[in-house]
Amino acid sequence: MQETVKAYEERMNKSLEVLLGEYASIRAGRANPHVLDKIKIDYYGTPTPIQQVGNVNVPEARMIVIQPWEKSLLKPIEKAIQASDLGINPTNDGSVIRLVFPELTEDRRKELAKDIKKKGDNAKVAVRNIRRDANDTFKKMEKSGEFSEDDRKLGEDKIQKITDKVIEKIDAAIEAKTKEIMTV
């Protein structure tokens, strides 16, 4: 039973990790190189993350500078950033690309806060679905004779405790990211 509980716990933690990864890509008015994580460019026929084809620096609070290792990559990087949902127009000076992040408006902050809550709620739903799957598995194991009724109840209790812990962490992440976004 321990392995079964562990497997479901790992799935729940994976949901939390995915959420934290999504939160890292939401910008909070200051430059964060993680906003580039999902943007890939065509590097000799292979979709490659920007961080693997050049240096990404944050020289100022609201600016990211990308210095590609090959000058020929300037245009593809610029096009990839423009095509992304980043909402920032890159400036290319022939050797580096600069991304200047504008100060977030109050409306944009509220919109981002709603998006953060929605993503958090989706993560909670995913965790609860995993809990339901685990409970179904325990019931099937009880029916097939692998588990006694006590084992099933013990397993369901353990899964519920894990679910509660992960949902607490999700709530904390929602609160922290919302606070970060709403701080001017």
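The values are calculated or read from the model by the stated rules, or taken from the named source; none is laboratory data. The structure displayed is predicted, hence computed values, not measured ones. Note that each Cβ is placed from the backbone with ideal geometry, even for glycine, and that neighbours are counted across all protein chains shown. These area figures cover heavy atoms from the full protein model, side chains too; ligands, DNA and RNA do not enter into them. Shrake-Rupley method; radii C 1.70, N 1.55, O 1.52, S 1.80 Å.
Residues in the stretch 1-16 that are within 16 Å of Asp171 (Cβ to Cβ) and open to solvent by 40 Å² or more (accessible area, probe 1.4 Å): Asn13 only. Modelled with pLDDT under 90 and outside any helix (DSSP H, G or I), is that true of Leu104? It is true that Leu104 is modelled with pLDDT under 90 and outside any helix (DSSP H, G or I). Scan the stretch 155-182 and report the pairs whose first residue is under 18 Å from Leu20 (Cβ atoms) and whose second residue is hydroxyl-bearing (Ser, Thr, Tyr) and open to solvent by less than 40 Å² (accessible area, probe 1.4 Å), with Cβ atoms within less than 6 Å and a gap of 6+ or a chain change. As it stands, the answer is Lys177/Tyr23, since those pairs meet every condition given. The set of residues in the stretch 28-49 being open to solvent by 30 Å² or more (accessible area, probe 1.4 Å), within 25 Å of Ala123 (Cβ to Cβ) and outside any strand (DSSP E or B) consists of Arg30, Asn32, Pro33, His34, Asp37, Lys38. Restricting the stretch 141-167 to residues that are assigned to a loop (DSSP other than H, G, I, E, B) and open to solvent by less than 70 Å² (accessible area, probe 1.4 Å), the residue that is nearest to Ala7 (Cα to Cα) is Phe147. Taking every residue in the stretch 3-20 that is over 23 Å from Asp151 (Cβ atoms) and pairing it with any residue that is of a type outside the set (Asp, Glu) and open to solvent by 30 Å² or more (accessible area, probe 1.4 Å), at least 6 positions away or on another chain, the pairs with Cβ-Cβ distances below 6 Å are Ser15/Ala126; Leu16/Lys169. Take the conditions (1) touching a residue at least 12 places away in the same chain (Cβ under 8 Å); (2) of a type in the set (A, V, I, L, M, F, W, C); (3) out of contact with any Phe, Trp or Tyr (no Cβ under 7 Å at 6 or more places or on another chain); Ile130 misses just one of them, which is (3). For the stretch 122-140, check the following and say yes or no: at least one residue is closer than 14 Å to Leu19 by Cα and surrounded by fewer than 17 Cβ atoms within 10 Å (Cβ to Cβ). For the stretch 122-140, residues closer than 14 Å to Leu19 by Cα and surrounded by fewer than 17 Cβ atoms within 10 Å (Cβ to Cβ): present.
Test Val125 against the criterion of being out of contact with any Phe, Trp or Tyr (no Cβ under 9 Å at 6 or more places or on another chain), under 28 Å from Val5 (Cα atoms) and at pLDDT 90 or above, and give yes or no. Lay out the reasoning, then the answer.
Details: out of contact with any Phe, Trp or Tyr (no Cβ under 9 Å at 6 or more places or on another chain): yes; under 28 Å from Val5 (Cα atoms): yes; at pLDDT 90 or above: yes.
So Val125 passes the test.
One residue stands out among those in the stretch 50-89 that are closer than 27 Å to Leu104 by Cα and acidic (Asp, Glu): the one that is surrounded by the most Cβ atoms within 10 Å (Cβ to Cβ), which is Glu78.
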